[in-house]
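The block underneath contains the structure these notes are about, expressed in C-alpha cells.
Read-outs: derived from the displayed coordinates by stated rules, not from any lab. Just so it is clear, the structure is predicted and the values come from calculations on it, not from any experiment. Cβ placement follows ideal geometry from the backbone for every residue including glycine, while neighbour counts extend to all protein chains displayed.
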C-alpha cells in the first residue's frame, strides 16, 4: 500500500521533520541517522536543514541542493506526533 501524500513539512530542531499527510496523520521523522558523508552531511548545517521543501503534489521532500529521503522511508520510519 502506498503512503498518503504529504501536505506540509516542518523542519524542527535538532534534525527532525514534522510531516502532515492527506490522511490527517501528523508524524515526526528523525533525520539525524541520515546526516553522514559529504552529500547528506550538508544537512548538519542547521540553517540549511531548515530549507527543506515539499515536492509538487506532496510526492516527497527535498533540500535545495538535491538531497531527499524516499517517501516510503519518511512514512514508515516516522512516529506519530503528539502535538
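Suppose only helical runs count, i.e. DSSP H with n ≥ 4. What mean residue ellipticity at 222 nm does that imply for the chain under -39500 (n - 2.57) per run, divided by all residues and rounded to the nearest 500 deg cm²/dmol? List each step's numbers first, then the result.
Details: 3 runs with 14 residues, N = 83.
Value at 222 nm, helices only, nearest 500: -3000 deg cm²/dmol.
Points 7 angstrom from Cα along the Cβ direction at residue 73 and residue 18: gap in nanometres?
2.4 nm
Please report the relative contact order for the chain, taking Cα pairs under 8 Å with a sequence separation of at least 6, and give it as a percent rounded to a whole number.
30 percent
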